[in-house]
Amino acid sequence: MRARAVHKDQLAAVRGADWVDSSRHPYVEGETAWVPVKKGFPYERDLPDRHQYGGRGFFMLGNVAVIHGARPAKRDVEEIVSFRHPRGVLWIETLADVTRTPETEILWGDVGEVCHRESGYTYHLDPRKVMFAQGNRDEKQRMARLVREGQKDARVADMFAGIGYFAIPMAGSGARVHAMEINPAAFGYLNRNIIQNGLTRRVEAACGDCRTLLSGDYDRVVMGHFDAIKILPAVFPHVHEGSVIHVHSIGDATETIRGCVEGAGFSASIHVHKVKKYRPYTWHMVQDVTLV
């Protein structure tokens, strides 16, 4: 494959260039993307064709391959290593308790702290110690877009901030974010990522139980935890007509949420948004609750 090197963040910018062979896929290697070049145009390298990968699903956090679900077989790991050449392969069996601490096993190589790039932002984390919501990429981008399209300088509560996967893109889009996280390890990375992305003036971080950390009045509240409905009543003293609460759940929780809203003396319009398939016939949902 004839290819030119561009920084991976520039892939979208060059996609429509006349020299790009759109019939083939770019090959990303670290921070560099090797973009296929049409015949007759100058190129930098002639890369050997790569075999198609059809094995066990995984995703990359920095240079570490991460697997969720049932424990993979040895052959699954070997196929991932041969295809992607990661620094290490990590299996995340489950996330424990309210802190969402991963229970993990290193299946190959070395796994530790990584530097991960997503949607123009940089995240430091150790996937053995803290969760990263890789499957929520579209939802993170949607929240950033809602901030850009909404009230200028809106005050946002991110009640389960983790390492900043919602707080950072929202702050980068113009919001003033109060980011709350109960897991001390995740909170440490949250602070580091706020600094790394130049958002110290936009994000106020606090460590502890978000139910007791809520303060003042918010224009938007992000409740990115499947137990969010249980603590929804703690939010109502801190919102107003026009505030939007984004309540994550497994399956559609519209009627339960509506009952909570009305019990607090509000009414609401509720838009249900699918994030990703959680298990067969069940979706990870977000209810966008606009108080009226």
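Brief remarks on what is shown
- Dipole of the chain computed with +1 at Lys/Arg Cβ and -1 at Asp/Glu Cβ about the Cα centre; of 239, 28, 273, farthest Cα towards the positive end is 28.
- ³J(HN,Hα), Karplus 6.51/-1.76/1.60, whole Hz, each residue of the range 249-256, x for Gly, Pro: 7, 9, x, 6, 10, 4, 5, 4
- Over the chain, relative contact order from alpha-carbon pairs under 8 Å, at least 6 apart, %: 10 percent
- Cβ-placed point charges (K, R +1; D, E -1), dipole of the chain about Cα centre in debye, nearest 20: 740 debye
- In plain terms, the C-alpha convex hull of the range 59-112 casts an average shadow of 3.7 nm² when viewed from every direction.
- For the range 178-184, the Karplus equation 6.51 cos²θ - 1.76 cosθ + 1.60, evaluated at θ = phi - 60°, returns couplings of 9, 9, 10, 8, 8, 7, x Hz by residue, with Gly and Pro reported as x.
- Segment residue 44-residue 96, extension gain: residue separation times 0.36 nm, minus the distance between their alpha carbons: 14.0 nm
- For chymotrypsin sites (Phe, Trp or Tyr not before Pro), the sites in the range 240-292 that DSSP calls loop and that have at most 13 other Cβ atoms within 10 Å are 281.
- Taking the three principal axes of the alpha carbon atoms in the range 1-112, the coordinate ranges are 55, 30, 22 Å, sorted in descending order.
- The distance between label points at residue 290 and residue 204 comes to 2.7 nm (points 7 Å beyond Cα on the Cα→Cβ vector).
- Segment residue 25-residue 231, extension gain: residue separation times 0.36 nm, minus the distance between their alpha carbons: 69.7 nm
- Long-range HN-HN contacts of residue 114 with modeled amide H, under 5 Å: 125, 126
Bear in mind that the values in this text are calculations on the coordinates, not laboratory data. Note that the structure is a prediction, hence the values are computed from the model and not measured. Heads up, the Cβs are rebuilt from the backbone with ideal geometry, glycines too, and the neighbour counts pull from every protein chain shown.
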